[in-house]
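Asks: Can you read through this structure? Questions will come right after.
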Amino acid sequence: MTIGASLAQYERLLKSHPDCIDLIECQNQLSRLQDEFEHDNQLRGQIERLWEATWEKHAELQRSGGRGGKSTGNRARR
């Protein structure tokens with residue numbers, strides 16, 4: 001699976017089942033990917049949009065009384 005396909009799969013999971021994801025860990029992973037693909041503007045832009053969407057989903061879950069995704073130690077599906 002390519003990085004683009006993996007990011008698309010994560011985006012679908014984020015939209016459909018954010019409560020199954022450790023959103024903070026995903027943000028950490030996305031930040032690492034931003035550094036790794038710093039010279040690929042298209043991919044970096046996709047990663048940045050997903051990072052922001054992850055943060056927004058985390059904040060939304062916090063406001064609604066959710067936990068903001070699974071607790072630390074539970075890894076997101078990749």
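Nothing in this text is a laboratory measurement; each read-out follows from the coordinates by a stated rule. Predicted, not measured: the structure shown is a model, and the values here were computed from it. Because the Cβ atoms are built from the backbone with ideal geometry, glycine has one as well, and the counts that use them run over all protein chains shown.
Asks: With +1 on each Lys and Arg Cβ and -1 on each Asp and Glu Cβ, how big is the dipole of the range 3-63 about its Cα centre, in debye rounded to the nearest 20?
Replies: The calculation lands at about 220 debye.
Asks: Rank these for me by crowding, 58, 17, 39, going from fewest to most other beta carbons within 10 Å.
Replies: 39, 17, 58
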